[in-house]
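Read the structure below first, then the notes.
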Amino acid sequence: MRFVLTCLLVLLPASPALAELDSFGLGTGRDGALSVTTEGRVLNTATPLTDLAVAGARDVPVQSVSGFTAGGLVLLHQSGGSAEAVVASDGGTLALRRMGHWELARVEAVSASPPTLRLTEPLAQAYTAPGAQAVTVPEYTNVLVGSGGSVVPRPWDGRSGGIVAFLATGTVTNQGLISAQGMGFRGGEFANHTERFGCTDLDVPPEAGGAYKGEGLRVGRFGTAAGRGSVAGEGGGGNCHNAGGGGGGNGGRGGVGGRTSEADLARDVGGLGGAPAQYSLVEKFVFGSGGGAGEGNDDLGSGGGAGGGAVLIRARAISGTGRFTVDGQAAEHTPGDDGAGGGGAGGVLILRAQESLGCGSAKAGGGNGGDVTYPDWLLGPGGGGGGGGMLLQGVTVSCPGSVPGGSAGTVATADGGTHGAGVGTEGFVEEYLTAYRTPTMPAVISPVSGAVGLPHRPRFEGRADPGVRVLVFVDGVERVQVGSGADGLFVAGIPAQQPPLDIGTHTVHVVTESLGAYSEPSEPVSFSVAATLEDGGVVVEPILVIPQDGETVGTTPLFAGVAPNGLTVGIEVDNGPEVIIPVDGAGRFRYQWPAETPLSPGPHFVTVHSHNEAGLSGPYSQPSRFESQAEADGGTSGDAGTSGDAGTSGDAGTSGQDAGTQPGDGGTQVPEDGWPVLVVPEEGEVVDSTPLFAGAATAGATVVIEVDGSEVATVTADDTGAFRYQVPRERALPVGAHSVAAQEHLVTSSQAPARSRSTGFEVRGPAALDVGCGCGASPVGVVGSWALLVGLAGLSRRRRG
């Protein structure tokens, strides 16, 4: 039977490039205290990305680095994008695909040419241009907004802006106003054109009677798209004679724009309201979309209102009687007989406190649709904007929040009414009565660091805060998410729908998340997935006995050693094609490099590894270096058969290399016949009178060499388990038949010494020997010898990794 591995190989822990998930908490307070007493104070600098920034990248290409500094915190936000990033679901709502995601990151360096922000850690998500932006995020201690003061962002301009964002380690006291009202996606501009009738299509250019749509999640179309249709949350423009614009959408749906005038038979072709988007503010946020413009031919209509922007604040506590608002902008009323624009949708308000959260009011409402003030005709008023989104979190929350839809515009005729214009629907509020905090650092407790022999789908166990989400990363890539139990313990594995882990060394680390706050990553744990045998054993690293590290050999050297439990062995020289040879019943392998393709003179290295029944590779040995020299005068150059002081007792013949150590629990995988194993000479081999005796034993063991039953030398197995003894000339063996065996003596063992199989060999005079292999033994002269194994060589594979 084969043996199961009982030791742990030393594995160096890897350090994968880990994305910096949001573990910034309340920030560092590096910007000190802030007091705002004036109106319109702008705290944030924003710049658009100029190119794609992929997940895992640390360099972010931007339009300008003005206002950004090394050490500062930035917010990356995918504010808009292409149509493919937004999907309309069957229920008429928008599912955000590659839109609305964001993350915080720390700037390591700022480069002006080309403008680039270098981050301290890789990005967790990808950001595309146009549509993505970078925004500075101040880190304050305490913040006071006085009764006459206000904090606002720079308005969204189609590429950046619209966001107020800051952190505070202390208290944010708002006695005034913190607002991004009307700072989000822009409303469609009014454009006058000639009188048109009968328009019905969703996309109608202005010259054919369509009014401009508001701006939505599809950036880059503002000022070009017209007609009543809506694809990505924008309010549609009015179609034909004096129809009203639709309201923008966000958390709620925008209202439809009013019908055309009586001259166009009051047709229901006003701008469609923007569809609502489905998302959680724990993960994403988007601006309110703009309302569509009203249609007009007398230059008296109005454009749509802009949507609300975003306010994100995290602090130890939030208090005061002031207001927070991200309302959509109301559309202007028409002064004459043209259609009116739709209201902008409400934006997003995110207030998170570690302790209490209080305010005078918080609002993310849709803007009202524009009224038609002309008293003599029924014309199209604008639809109301949809409500936005709001997240309020604190141990206690006393902050009255509302997310109403905007009102529909009305007409000024005697019978009044909205002439078909619709109201915006309500947005959504997420309220969490719990402290905002980053989870404590989790830990992986199984596998232990350095574990080997794990299956291709290993089981991971660990400890974290109770009831948090656990993200499991293998080799820096997220593989699975699980929840921790009430006791904080979690168990995870590689899901069946994912590919199994490859054979080799891997690392695992975990990050925990609670309501969008992430822990620091756990310490990486290194482990090895091994090739396993049919009986459950693990294929281990072979021991290369010949050549010794640093040895000088000929151009057709012998490679020999012991594979404790492999079925075959792969030999690779200089990372070249793999030569596969079988292993005998004692675990031995030998391969004589063919004379037809000699190695070039100079330095080389060789690695070996074993295979299981399916041909899967076990761990590779550390490279063993050797020098190849051309043969001279019919033999190998140099003293190829000797190494250092070989032939003396004690540590003689021990390799200086540190490869293949097997510390762990002190145990070592052994071949079927046990240790020690003699590799050279082979049974029946013809050798000269000063042969090399070499093999493998337990690393560090004392090995006694016996020739013809008498002890001739004592050597020590090196760190890989290899031992060698070169018979010196003064103790040359006589011509004739001999036998050799090896005994292993372990200092810590009370058992009797283990003894190898006895190997018979023959010493003949120089005339009977062909040119040797460089190891003190002849490669010829035995029928059925190891030379037959060379015929199995030639199966070529490249080394993994």
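When you scan region 461-473, do you find a residue that is without any contact (Cβ under 8 Å) to a residue 24 or more places away in the chain, on the phi < 0 side of the Ramachandran plot and not in a strand (DSSP E or B), even just one?
Checking region 461-473: at least one residue is without any contact (Cβ under 8 Å) to a residue 24 or more places away in the chain, on the phi < 0 side of the Ramachandran plot and not in a strand (DSSP E or B).
Can you confirm whether T507 is surrounded by fewer than 17 Cβ atoms within 10 Å (Cβ to Cβ), among the hydroxyl-bearing types (S, T, Y) and either in contact (Cβ under 8 Å) with a residue 40 or more places away in the chain or in a strand (DSSP E or B) (or both)? Quick ask: steps written out before the conclusion?
Details: surrounded by fewer than 17 Cβ atoms within 10 Å (Cβ to Cβ): no; among the hydroxyl-bearing types (S, T, Y): yes; either in contact (Cβ under 8 Å) with a residue 40 or more places away in the chain or in a strand (DSSP E or B) (or both): yes.
Here the answer is no, as T507 does not meet what is asked.
Has region 399-421 got any residue that is touching a Pro at 6+ places or on another chain (Cβ under 7 Å) and either under 26 Å from R352 (Cα atoms) or charged (D, E, K, R) (or both)? Full working, then the answer.
Narrowing region 399-421 to residues touching a Pro at 6+ places or on another chain (Cβ under 7 Å): 408-413, 418-419, 421.
Still in the running and either under 26 Å from R352 (Cα atoms) or charged (D, E, K, R) (or both): none.
Checked region 399-421: no residue is touching a Pro at 6+ places or on another chain (Cβ under 7 Å) and either under 26 Å from R352 (Cα atoms) or charged (D, E, K, R) (or both).
Out of everything in region 586-605 that is in contact with a Phe, Trp or Tyr (Cβ under 9 Å, 6 or more places away or on another chain) and surrounded by 22 or more Cβ atoms within 10 Å (Cβ to Cβ), what residue ends up being farthest from S628 (Cα to Cα)?
So the first thing to find is which residues in region 586-605 are in contact with a Phe, Trp or Tyr (Cβ under 9 Å, 6 or more places away or on another chain), and the list is 588-593, 599, 603-605.
Checking the rest, the ones that are also surrounded by 22 or more Cβ atoms within 10 Å (Cβ to Cβ) come to 588-591, 593.
Working: R588: 24, F589: 21, R590: 18, Y591: 16, W593: 12 Å.
Looking at residues that are in contact with a Phe, Trp or Tyr (Cβ under 9 Å, 6 or more places away or on another chain) and surrounded by 22 or more Cβ atoms within 10 Å (Cβ to Cβ), I get R588.
Say we look at region 557-569 and pick out the residues that are in contact with an Asp or Glu (Cβ under 9 Å, 6 or more places away or on another chain) and modelled with pLDDT of 95 or more; which of these is farthest from G674 (Cα to Cα)?
Checking each candidate, the answer is P557.
Run down V545, V525, V562, V539 and say which single residue is closer than 21 Å to G587 by Cβ, buried (at least 22 other Cβ atoms within 10 Å of the Cβ), touching a His at 6+ places or on another chain (Cβ under 9 Å) and outside the structural domain of W102 (by TED's automatic domain parsing).
On the way: V545 fails: touching a His at 6+ places or on another chain (Cβ under 9 Å); V525 fails: closer than 21 Å to G587 by Cβ; V562 fails: touching a His at 6+ places or on another chain (Cβ under 9 Å).
The match here is V539.
With the condition kept exactly as written, say whether any residue in region 246-253 is over 17 Å from A340 (Cβ atoms) and surrounded by fewer than 24 Cβ atoms within 10 Å (Cβ to Cβ). Full working, then the answer.
Of region 246-253, the ones over 17 Å from A340 (Cβ atoms) are 249-253.
With surrounded by fewer than 24 Cβ atoms within 10 Å (Cβ to Cβ) added as a condition, the list becomes none.
Checked against the condition, which is being over 17 Å from A340 (Cβ atoms) and surrounded by fewer than 24 Cβ atoms within 10 Å (Cβ to Cβ), region 246-253 yields no hits at all.
I'd like the full set of residues that are more than 22 Å from R729 (Cβ to Cβ), in a strand (DSSP E or B) and of a type in the set (S, T, N, Q), limited to region 667-717.
Correct list: T702, T716.
Residue by residue through region 428-460, note down the ones that are assigned to a strand (DSSP E or B) and more than 25 Å from A315 (Cβ to Cβ).
Taking region 428-460 first, the residues assigned to a strand (DSSP E or B) are 428-432, 443-446, 451-454, 459-460.
A443, V444, I445, S446, A451, V452, G453, L454, R459, F460, listed by residue number.
With touching a residue at least 40 places away in the same chain (Cβ under 8 Å) and either over 18 Å from G347 (Cβ atoms) or of a type in the set (A, V, I, L, M, F, W, C) (or both) as the only criterion, which of V204, V231 stands out? Quick ask: steps written out before the conclusion?
On the way: V204 fails: touching a residue at least 40 places away in the same chain (Cβ under 8 Å).
Answer to the check: V231.
Can you report the number of residues in region 327-359 which are touching a residue at least 60 places away in the same chain (Cβ under 8 Å) and either in contact with a Pro (Cβ under 9 Å, 6 or more places away or on another chain) or part of a loop (DSSP other than H, G, I, E, B) (or both)?
Counting residues in region 327-359 that are touching a residue at least 60 places away in the same chain (Cβ under 8 Å) and either in contact with a Pro (Cβ under 9 Å, 6 or more places away or on another chain) or part of a loop (DSSP other than H, G, I, E, B) (or both) gives 20.
Checking L177 against (1) in contact with a Leu (Cβ under 9 Å, 6 or more places away or on another chain); (2) surrounded by 21 or more Cβ atoms within 10 Å (Cβ to Cβ); (3) over 28 Å from P61 (Cβ atoms): exactly one of these is not met. Which one?
The failed condition is (1).
Give the number of residues within region 155-165 that are part of a loop (DSSP other than H, G, I, E, B) and either in contact with a Ser or Thr (Cβ under 8 Å, 6 or more places away or on another chain) or buried (at least 20 other Cβ atoms within 10 Å of the Cβ) (or both). Give the steps one after another, and end with the answer.
Filtering region 155-165 for residues part of a loop (DSSP other than H, G, I, E, B) gives 155-162.
Those left that are additionally either in contact with a Ser or Thr (Cβ under 8 Å, 6 or more places away or on another chain) or buried (at least 20 other Cβ atoms within 10 Å of the Cβ) (or both): 156, 159-162.
Here the count works out to 5.
Can you tell me which residues in region 101-124 are buried (at least 17 other Cβ atoms within 10 Å of the Cβ) and assigned to a loop (DSSP other than H, G, I, E, B)?
P122, L123, A124, listed by residue number.
Scan region 244-257 and tell me whether some residue there is within 27 Å of G516 (Cβ to Cβ), hydrophobic (A, V, I, L, M, F, W, C) and part of a loop (DSSP other than H, G, I, E, B). Explain how you work it out, then say what you get.
Restricting attention to region 244-257, the residues satisfying the condition of being within 27 Å of G516 (Cβ to Cβ) are 248-253.
Those still in the list that are hydrophobic (A, V, I, L, M, F, W, C) too: none.
Within region 244-257, not a single residue is within 27 Å of G516 (Cβ to Cβ), hydrophobic (A, V, I, L, M, F, W, C) and part of a loop (DSSP other than H, G, I, E, B).
For R98, only one of the following conditions fails: (1) in a strand (DSSP E or B); (2) touching a helix residue (DSSP H, G or I) at 6+ places or on another chain (Cβ under 9 Å). What is its number?
Condition (1) is where R98 drops out.
Collect the residues in region 305-321 that are surrounded by 24 or more Cβ atoms within 10 Å (Cβ to Cβ) and among the small types (G, A, S), keeping them in residue-number order. Spell out the reasoning first.
So in region 305-321, the residues surrounded by 24 or more Cβ atoms within 10 Å (Cβ to Cβ) come out as 305-312, 314-315, 318.
Matches in region 305-321: G305, A306, G307, G308, G309, A310, A315.
Restricting to region 91-120, name every residue that is acidic (D, E) and within 21 Å of K284 (Cα to Cα).
Of region 91-120, the ones acidic (D, E) are 103, 108.
Within region 91-120, E103 is the sole residue that qualifies.
Hey, can you tell me all the residues within region 510-538 that are part of a strand (DSSP E or B) and among the charged types (D, E, K, R)? First the steps, then the outcome.
Taking region 510-538 first, the residues part of a strand (DSSP E or B) are 510-514, 517-518, 525-529, 532, 538.
If the condition is that a residue be part of a strand (DSSP E or B) and among the charged types (D, E, K, R), then E513 is the only one that fits.
Take A168 and decide whether it is outside any strand (DSSP E or B) and touching a strand residue (DSSP E or B) at 6+ places or on another chain (Cβ under 6 Å). It would help to see each step written out before you state the result.
On the way: outside any strand (DSSP E or B): no; touching a strand residue (DSSP E or B) at 6+ places or on another chain (Cβ under 6 Å): yes.
Judged against the criteria, A168 is not a match.
Just the residues that are among the basic types (K, R) and under 18 Å from the mean Cα position of the chain (by Cα), please, taken from region 462-504.
The first filter runs over region 462-504 and keeps only residues among the basic types (K, R), leaving 463, 469, 479.
Those that are among the basic types (K, R) and under 18 Å from the mean Cα position of the chain (by Cα): R469, R479.
In contact (Cβ under 8 Å) with a residue 24 or more places away in the chain and either surrounded by fewer than 17 Cβ atoms within 10 Å (Cβ to Cβ) or not assigned by TED's automatic domain parsing to the domain that holds A696 (or both): which single residue out of G576, G618, G516, G554 fits that description?
From the options G576, G618, G516, G554, the qualifying one is G516.
What's the number of the only condition in (1) modelled with pLDDT of 95 or more; (2) crowded, with 23+ Cβ neighbours inside 10 Å that G72 fails to meet?
Result: G72 fails condition (2) only.
If you scan region 176-191, which residues turn out to be in contact with a Lys or Arg (Cβ under 9 Å, 6 or more places away or on another chain) and more than 17 Å from R41 (Cα to Cα)?
G188
With the requirement that a residue be over 13 Å from K213 (Cβ atoms) and surrounded by 24 or more Cβ atoms within 10 Å (Cβ to Cβ), what does region 291-304 give you? Lay out the reasoning, then the answer.
Within region 291-304, the subset over 13 Å from K213 (Cβ atoms) is 296-302.
Listed by number, the residues that qualify are G296, G301, S302.
The values are calculated or read from the model by the stated rules, or taken from the named source; none is laboratory data. These numbers were taken from a predicted model, which means no experiment stands behind them. Counting neighbours? That spans all protein chains shown, and the Cβs are built from the backbone with ideal geometry, glycine included.
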